[in-house]
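The structure appears below as structure tokens.
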Amino acid sequence: MDIRVIHDGAHDGPTNMARDEALLERVGAGAAPPTLRLYQWDSPTISLGYFQEYADYEMLDPPAGNLPVVRRQTGGGAILHDRELTYCLVLPARHDMIRHGATRLYEIAHDALIACLSDAGVHARRSGQTDGSTPTRGPFFCFARRHCLDVLAGDDKLAGSAQRRTRRAVLQHGSIMFERRFEQQPTAAIRRMLPMSVDDFARHWVIALGDVTGMRFEIGAWAGAELALAAELTAKYTGDEWTRKR
């Protein structure tokens with residue numbers, strides 16, 4: 001199966017989360033093709049992992065503690081989204097890319113990123129070690145955690161990913177930080193390593209994903225039904241019931 005690629009621009013937190021959930025539902029129902037959505041954030045925003053406590057966000061010092069907050073479908077630590085490339089890869093549960101297990105998606109996404117960085121002269125690697133963090137235990141921010149498949153340059157974590165799995169589909173989220181404007185972002189920024197725009201990097205990474213998987217990643221567009229569902233779901237991500245559920 002080809003993978004549809006949607007370059008989706010920048011949106012607020014609730015819109016981004018609603019569009020990702022809409023993809024999970026539509027791909028899982030067989031009503032949308034396997035999709036890679038690439039997007040950004042129109043203002044700095046904290047996203048909580050699915051299992052994280054809202055009270056931990058309330059304890060953050062400014063400026064992070066004053067930023068808008070949303071809760072993701074995926075687990076892991078919180079992310080301070082700012083000047084970055086965020087991806088959402090959604091596949092039906094029986095897709096060839098995950099026939100040996102959904103964990104393979106982490107390897108695919110991160111190995112393509114490592115190859116892309118290598119082509120640009122940046123030496124990156126898999127972490128190779130896990131620090132024992134769990135969905136409910138560990139540093140608050142994702143980029144302060146370490147998983148064996150995370151992408152590192154030196155000791156700096158450049159990218160990490162998390163998943164939501166249903167019986168019908170798998171959604172994988174990940175963030176690649178380009179500029180670090182907040183001291184509370186415990187990560188390096190790729191732009192200090194290579195002079196490349198986010199859009200240019202996204203195009204190179206999609207090519208690398210095709211090379212790693214042997215599959216065709218084709219530029220596509222939203223279907224009207226997908227955007228309609230996302231619009232309905234936006235209220236969920238702006239409301240307290242979901243955001244403060246833990």
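Read-outs throughout are calculated quantities, based only on the coordinates presented, and are distinct from any laboratory measurement. From a predicted model like this one, the values you see are computed outputs, not experimental measurements. Every residue, glycine among them, receives a Cβ derived from its backbone with ideal geometry; neighbour counts consider all protein chains shown.
Below, the figures for the structure above:
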{"item": "R0 of 41 Å, Cβ-Cβ distance Ser133-Asp199: FRET efficiency to nearest 0.05", "result": "0.80"}
{"item": "Centre separation in Å (Cα based) which lies between the stretch 115-163 and the stretch 59-91", "result": "16"}
{"item": "Leu158, Leu38 arranged by Cβ crowding within 10 Å, fewest neighbours leading", "result": "Leu38, Leu158"}
{"item": "Most positive-pole-ward Cα, Val27, Gly76, Val198, against dipole of the stretch 3-243 from beta carbon charges", "result": "Val27"}
{"item": "Inter-site label distance for His123 and Ser43 at 7 Å from Cα along Cβ, in nm", "result": "4.2"}
{"item": "Charge dipole of the stretch 3-243 about the Cα centre (unit charges at C-beta), most positive-ward option of Gly128, Ala221, Tyr54", "result": "Gly128"}
{"item": "Residue order, fewest to most beta carbons within 10 Å, for His123, His11, His173", "result": "His123, His11, His173"}
{"item": "Projected label distance in nm at Arg83 and Met59, using a 7 Å step from Cα toward the beta-carbon", "result": "3.1"}
{"item": "Lys236 paired with Arg104, simple spin-label distance in nm, labels 7 Å along Cα-to-beta-carbon", "result": "2.8"}
{"item": "Check: the chain dipole with +1 on Lys, Arg Cβ and -1 on Asp, Glu Cβ, in debye", "result": "700"}
